[in-house]
Structure formats: C-alpha cells, structure tokens
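A short write-up of the structure that comes next.
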Amino acid sequence: MIAEKMKQYCDESPFSKFSLKLIALLEGSKPNLTIDNVISILDNRQEFESFVIGLEPSKNKAELEKVLKYNEDYLSQLVSQVLTLLIKAKN
C-alpha cells in the first residue's frame, strides 16, 4: 500500500526503482506498516539494523541485509531520498 502511494512520485530512474523495492521489502516483512513506521525505521541506521535483525529468516530479510552492507554514505544518501518520497506520499 505504501509503495502504491509512492509510485506517483517515482520515475524510471534506478533510484526510484530502488525506493519502491526497499519499501516493498519492508512492507512484505511486517504487515500493517504505516508510512510513519517506515520513516522511523529508516530515519536511524541502528533502527533499520535492529528491524532487519529482528525479522524471521526469509527472502525479504536476506535482501534487506544486502542493503545494510552498502557503504555508510551511499546508504545514507539513498535513505534520505526514500524518506523524501515517503513524506511526499504521506502529505
């Protein structure tokens, strides 16, 4: 549902595709996540790591663990752009 709301703010860029994939992975990992939940998870790297660590083993968890291995600066940049899209979708 969150990814659906975000689609209207996305284009065909790799960043937009990554954003939608990340949100879909998060939504697929825990049902009933709200935009506010996702923002709080992504707003802090430790929160994001804790969220991923707490997941049951699954394909989504494996994919999210790959995201956590990104360079700190690169991940921060990606997450800030995802957060911008989430805030647009929320308003």
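The values are calculated or read from the model by the stated rules, or taken from the named source; none is laboratory data. All values reported here derive from a predicted model rather than from experimental measurement. Neighbour counts run over all protein chains shown; Cβ positions are idealised from the backbone, glycine included. For accessibility, only protein heavy atoms count, side chains too; no ligands or nucleic acids. Shrake-Rupley method; radii C 1.70, N 1.55, O 1.52, S 1.80 Å.
Explain nothing, just compute: Karplus ³J(HN,Hα) = 6.51 cos²θ - 1.76 cosθ + 1.60, θ = phi - 60°, for every residue of segment 22-36 in order, whole Hz, x for Gly and Pro.
Whole-Hz 3J(HN,Hα) from phi for segment 22-36: 4, 5, 4, 5, 5, 5, x, 7, 9, x, 6, 6, 9, 4, 4.
If you keep only loop residues by DSSP, which GluC sites (Glu not before Pro) in the chain have at most 12 other Cβ atoms within 10 Å of their Cβ?
Numbers: sites: E4, E12, E27, E47, E49, E63, E65, E72; in loops: E12.
For GluC sites (Glu not before Pro) across the chain that sit outside H, G, I, E and B with at most 12 neighbouring Cβ atoms in 10 Å, the list reads E12.
If you keep only loop residues by DSSP, which trypsin sites (Lys or Arg not before Pro) in segment 51-91 have at most 16 other Cβ atoms within 10 Å of their Cβ?
Values: sites: K59, K61, K66, K69, K88, K90; in loops: K69.
Filter output for segment 51-91: K69.
For segment 24-91, just say rounded, prolate or oblate: build the C-alpha gyration tensor, square-root its eigenvalues into a ≥ b ≥ c, call rounded for a/c under 1.5, and beyond that prolate if a/b exceeds b/c, oblate if not. Walk me through the intermediate numbers first.
Numbers: a/c = 1.91, a/b = 1.14, b/c = 1.67.
It comes out oblate by the Cα gyration axes.
Assuming 0.36 nm per residue, please report the length gained on full extension of the stretch I39 to Q77 beyond their Cα-Cα distance.
On the way: separation 38, 0.36 × 38 = 13.68 nm, distance 1.45 nm.
Difference between extended and current length: 12.2 nm.
Relative contact order, percent, of the chain when contacts are C-alpha pairs under 8 Å separated by at least 6 residues? Don't jump to the answer; show the numbers that get you there.
Values: 56 pairs, mean separation 35.1, N = 91.
Reported as a whole number, the value is 39 percent.
Any idea of the accessible area per residue across segment 5-82, 1.4 Å probe, to the nearest Å²?
Spelled out: the 1.4 Å probe surface of segment 5-82, per residue, equals 61 Å².
Tally up the carbon and sulfur contribution to the accessible surface of the chain as a whole percent, 1.4 Å probe, everything protein left in place. Let's see the in-between values first.
Working: 2840 of 5640 Å².
Exposed carbon and sulfur together represent 50 percent of the surface.
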